[in-house]
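Worksheet for the structure shown next.
The values are calculated or read from the model by the stated rules, or taken from the named source; none is laboratory data. Here the structure is a predicted model, which means the values were calculated and not measured. Virtual Cβ from ideal backbone geometry, glycine too; neighbours counted across all protein chains shown.
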Number of protein chains: 2
Amino acid sequence: MPPKAAKKPETAQKRDRTRAQVLEAALGLFRKRGFDDTSMRDIAVEAGLSLGAAYYYFPSKQSLVLAYYHEVQRAYEAEPAFDATASLEERLRAVLNRRLDLLRRDRPFLGALVRDVGSPDNPVMVFAPETADLRQRSIASFAACVAPEMAALPDAAARLLPTALWALHLVTLLYYIHDRSRGQARTRQLVDDAVALVVPAIMLANTPLAGPLFASVEQTLVRAGLM
Amino acid sequence: MPPKAAKKPETAQKRDRTRAQVLEAALGLFRKRGFDDTSMRDIAVEAGLSLGAAYYYFPSKQSLVLAYYHEVQRAYEAEPAFDATASLEERLRAVLNRRLDLLRRDRPFLGALVRDVGSPDNPVMVFAPETADLRQRSIASFAACVAPEMAALPDAAARLLPTALWALHLVTLLYYIHDRSRGQARTRQLVDDAVALVVPAIMLANTPLAGPLFASVEQTLVRAGLM
DNA sequence: GTCTATAACATGATAGAC
DNA sequence: GTCTATCATGTTATAGAC
C-alpha cells in the first residue's frame, strides 16, 4: 500500500480545507496589499490560525507562491484556450492572451512572486528542479497548441518549437509585470506583434536552408543541457 | 558653482574612503560567506563602524549590489576586451568571455545579486531606470565591438544589433550563475556555440530578404518601448 | 501521530540623540 | 556622521492539545 495514503479520509479533508483556507487568505491579502506588505502573521490572522499553524501548512512564504503557480496552471488546463480549427496565428494569440487573462487580477504582486529568478538555490524559481513538473506541463500546453504544424516540420525544428514558444511566453509575462499602460494594452500589442513575427518564421522552418540551422540550435541547447 | 561641489575636499575624501571601506568589507564577506549569510551587522563590524553608520553610506543592502555593478562595469571599461583587427567571431567571443572572467571570483554570490529581476519596484533590477546608465554603457560596449559590421548593415539591423548582443550577454550570465560544471566549462561552450550561430545571422542581415524582417522586429520593439 | 499555539531568534531597516 | 535603541517580519523551537 502507498505510504502516503490517507488512513482517515475525513481528517485528510479537514487538512486540505484548512490548507486551502490559508492559501485563500494569503492570496486575498496579496491582492489587497501586495506581497511584501503582507506578513505571515497577517495571513495567519486572516485564516483564523496562529502563526505556527500557518507555517505548519506552508513551510515558507515562498511556498505559498509555488502553490499559487500550481493553481494558475490548473486553471489554465481546466478549459481549452483555443479553437483547434483556427489558424496558427489565432491559436497562438489565444493561448498567450489567455495566460495573461488568468493573471490579470494578480498582476500587481506578480513581480514579487517571480523574483529570485537568478538565485540558483531558490526552489521556487522558474528553472528549479522543484518546478520541473509545472514547466513541463506549461511547455506541453504549447506543444498542444501547435501540434498540427509540428507534424509538418523537420524533427529538430519540431522539437524546438514548444520550448521556444514557452520562452516567448516568459518574455511576455516579464513585460506584463512591468507594463504600466492602461489595461496593459502594450503587452497585448506585444503579443500581437510577436505572434505576427513568429508565424512566418515557423513556416520558414520548412525550407531546406533552415534545416541545418535548427539542427545547430538544437545541438547548442542540448550541449548546454537546456533540452 | 555646482551644488554638489565639495566645499571641504578633505571631508569629501574621508567620506569616500569610508564608503569604499564599507563596500570593500561587504564584498569580502560576500565572497567568503555568500550574500544571504552576510548581515549588515557583519559588514558594519568588518568596516569598523556601527550598523547605523553603515546604513548612512548604503541605504540598503541592495544598494551595495548597485555599487558592485558599477565597479564591474568600470573594470570592464578600464582596458580593451578585444583586438580591433580580429574577426567578428573572435571579437564577440573575447567580449563575452571577458565579462565572465570579471565575475569569476564573485560567481557564487551572483545569484543573490541578480534576484528581483521581476520586481518592478526594485531600483536595482536590470531594467530599472536607476540602472539605465549602466545598461547604456554596457550596450555601448557591444556597439564598439561590432562597429565595423554595423557600418555595413541596413539601418534597422544596425540599430538592433548592440541590444541583441547585450541580451545574449544577459542570457550567458544567467546560465553562468547556474552552471555547476567544473570551471564553468559549459558556459564557455555555450558562448562559443552561440557566437558561431550569431555571426552567420549577422551576415545574413545584409541580404535583401532580411531587410523587412529586421524593420518589423525593430518596429515591434519600439512600439513596446524597448528601444 | 496530527495539529496548533506561544515564545524566541536573526536580520533588514529606521528614529533620534549627540 | 556616527551611535544606540527599537521595530517589523521571516523563520525556528518547543510545548502541548486532541
> Quick check: anything in region A:42-62 within 14 Å of chain B (Cβ to nearest Cβ), assigned to a helix (DSSP H, G or I), closer than 22 Å to A:Glu130 by Cα and more than 12 Å from DNA strand C (Cβ to nearest atom)?
Replying inline: yes
> With respect to A:Leu204, is the statement that it is at pLDDT 95 or above and over 25 Å from B:Arg188 (Cα atoms) true?
Replying inline: no
> Of all residues in region B:151-182, how many are over 21 Å from the mean Cα position of the chain (by Cα) and assigned to a helix (DSSP H, G or I)?
Replying inline: 7
>> Let me confirm something: among A:Asp133, A:Asp121, A:Asp101, which residue is within 14 Å of chain B (Cβ to nearest Cβ) and either under 13 Å from the mean Cα position of the chain (by Cα) or farther than 19 Å from A:Glu24 by Cα (or both)?
In response: A:Asp121
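A quick yes/no check of all residues on (1) in the same structural domain as B:Gly183 (by TED's automatic domain parsing); (2) crowded, with 17+ Cβ neighbours inside 10 Å:
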| position | (1), (2) |
| --- | --- |
| B:Ala44 | no, yes |
| B:Gly52 | no, no |
| B:Leu66 | no, yes |
| B:Asn97 | yes, yes |
>> Restricting to region B:144-153, name every residue that is surrounded by fewer than 17 Cβ atoms within 10 Å (Cβ to Cβ) and over 12 Å from B:Arg91 (Cβ atoms).
In response: B:Ala151, B:Ala152
> Yes or no: A:Glu89 in the same structural domain as A:Leu197 (by TED's automatic domain parsing), touching a residue at least 60 places away in the same chain (Cβ under 8 Å) and closer than 24 Å to A:Leu170 by Cβ?
Replying inline: yes
> Does A:Ala112 satisfy the condition of being surrounded by fewer than 18 Cβ atoms within 10 Å (Cβ to Cβ) and not basic (Lys, Arg)?
Replying inline: no
>> Looking for something at the interface with chain B (Cβ under 9 Å from one of its Cβ atoms) and acidic (Asp, Glu) - is there at least one such residue anywhere in region A:193-207?
In response: yes
> Looking at (1) modelled with pLDDT of 95 or more; (2) charged (D, E, K, R); (3) more than 30 Å from B:Ala201 (Cα to Cα), which is the only condition B:Arg15 fails?
Replying inline: (1)
